[in-house]
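**Student:** Sending over a structure as structure tokens; questions will come in a sec.
The values are calculated or read from the model by the stated rules, or taken from the named source; none is laboratory data. The shown structure was predicted, so the numbers you read here are calculated from the model rather than taken from an experiment. Cβ sites come from the backbone with ideal geometry, for glycine too, and all protein chains shown count toward neighbours.
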Amino acid sequence: MIKLRNPLKAQLKIAYLVVTYACNNKCNFCYAQSMLKKFIEGEELVHMPLEFAYQIVSELKSLGVNRFHLIGGEPTVYPYLLDLVRFIKQDPRVYVAIVTNGRKIGDEAYLKDLVDAGVNGFQISIQGADAERHNAVTGSYSFDMTYKALLNLAKLNFPQFSAAITVSKDNCDQIEGFIHTMKKEIFNGGHSGKIFINFAAPSINFNSSTSVNGEYALNPREVVDLILKIDSLFPAELYSEIIFSSRVPICMYPSGSLERLNKNNRMSAGCSCGLHNGNIITIDPRGDVLPCTNFAGTRLFNCRGENNVFDKDSFINGINRYFPKIKELAHSYPSIKCKGCSKIHRCFGACLFWWFYFNPDHFIKP
């Protein structure tokens with residue numbers, strides 16, 4: 001049997017499908033809020049057409065993708081979510097995860113439907129240690145439903161799920177309380193769930209092509225300081241569930257501290273951008289291919305042809321044209337101080353979004 005040559009210059013392995021920009025929360029740090037506003041005003045599709053989603057999945061599988069992360073917006077308000085999961089899982093070797101605020105998963109029957117359909121992993125976004133703070137950050141009265149989703153997953157001993165908080169100026173004082181809340185009833189043994197501590201990065205302001213939202217974000221120095229504080233207060237041998245995702249320059253960590261965090265499996269292996277490795281693809285409801293999930297509304301190219309049909313030729317040509325340029329941009333030095341750094345090929349100067357808002361020369365060390 002002759003093995004066909006992959007026509008892509010990138011080796012895609014993971015796909016983030018933005019199945020909808022609709023959401024039943026209004027998180028103040030969310031990169032997708034302005035996109036939802038545009039869609040509500042009738043400018044674009046809110047939901048990814050199901051047949052188009054099927055075509056994307058089929059073509060991406062044929063090109064080597066074996067992991068699908070369904071995101072939004074809020075994927076559980078996507079009316080075809082169960083159908084799409086079942087379609088992806090026709091090949092049981094393919095991994096499917098859902099990134100959700102958990103409100104609908106508070107319903108045990110709905111959670112069972114998703115598990116029966118084949119979902120392999122859940123990331124539940126919860127934005128505070130208590131209802132008052134979570135509800136303020138999310139602009140909704142959703143804490144009880146989200147917390148119930150986590151309880152349901154723990155009760156099932158579901159093998160892969162996480163409680164994910166996105167740390168911003170509005171909840172950074174609650175991280176210790178958040179960990180205690182999670183440990184009390186949810187992460188108290190019996191399953192392998194994780195407490196995922198993410199940090200809000202600046203994002204593009206879609207109402208202005210030249211503006212960036214970043215007033216809610218901690219600066220990179222504050223991120224590192226908070227990680228080291230939490231790591232000290234909650235030692236890995238007692239709180240093995242805790243994982244950080246920081247995406248800040250390696251040089252900002254004191255000598256030996258990052259090595260310790262990695263040794264204890266406390267640092268996430270990466271983020272959803274895939275810019276550095278070129279192995280992750282993000283596609284939104286319109287068929288726009290994005291540099292990463294945070295670039296909502298900023299497309300590289302479009303892969304949706306006439307009548308909502310996936311245009312494979314446009315997709316392959318777009319990947320081969322833009323991905324090398326994006327990778328080159330991601331590997332460029334954000335600061336002259338990065339030149340000659342022995343760790344640049346591990347770090348690449350951190351997530352690009354930090355430097356849309358903060359000055360890299362204020363944080364990167366020589």
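**Student:** So residue 64 passes all but one of these: (1) surrounded by fewer than 17 Cβ atoms within 10 Å (Cβ to Cβ); (2) assigned to a helix (DSSP H, G or I); (3) among the small types (Gly, Ala, Ser). Which condition number does it fail?
**Tutor:** (2)
**Student:** Out of (1) surrounded by fewer than 21 Cβ atoms within 10 Å (Cβ to Cβ); (2) more than 26 Å from residue 222 (Cβ to Cβ); (3) at pLDDT 85 or above, what's the single condition that is false for residue 357?
**Tutor:** (2)
**Student:** (1) surrounded by 19 or more Cβ atoms within 10 Å (Cβ to Cβ); (2) over 21 Å from the mean Cα position of the chain (by Cα); (3) outside any helix (DSSP H, G or I): which one isn't true of residue 258, the others all being true?
**Tutor:** For residue 258, the exception is condition (3).
A quick yes/no check of all residues on (1) surrounded by fewer than 19 Cβ atoms within 10 Å (Cβ to Cβ); (2) modelled with pLDDT under 95:
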| position | (1), (2) |
| --- | --- |
| 95 | yes, no |
| 98 | no, no |
| 103 | no, no |
| 122 | no, no |
| 135 | yes, no |
| 139 | yes, yes |
| 149 | no, no |
| 171 | no, no |
| 192 | yes, yes |
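**Student:** So which helices (runs of 4 or more DSSP H) are wholly in the range 97-180 and hold at least 1 residues that are among the aromatic types (Phe, Trp, Tyr)?
**Tutor:** The qualifying helices (runs of 4 or more DSSP H) are 108-117, 143-155.
**Student:** Scan the range 11-41 residue by residue and report those that are surrounded by fewer than 22 Cβ atoms within 10 Å (Cβ to Cβ), at pLDDT 75 or above and over 15 Å from residue 101 (Cα atoms).
**Tutor:** Hits for the range 11-41 are 11, 12, 13, 14.
**Student:** Residues to consider are 305, 340; find the one that is farther than 21 Å from residue 70 by Cα, crowded, with 16+ Cβ neighbours inside 10 Å, of a type outside the set (A, V, I, L, M) and modelled with pLDDT under 90.
**Tutor:** When all the criteria are applied, what remains is 305.
**Student:** Right, something else. List pairs: first in the range 290-306 and under 17 Å from residue 73 (Cβ atoms), second part of a helix (DSSP H, G or I) and not polar (S, T, N, Q), Cβ under 8 Å, 6+ apart or cross-chain?
**Tutor:** Pairs that qualify, where the first residue is under 17 Å from residue 73 (Cβ atoms) and the partner is part of a helix (DSSP H, G or I) and not polar (S, T, N, Q), are 296/35; 297/35; 297/38.
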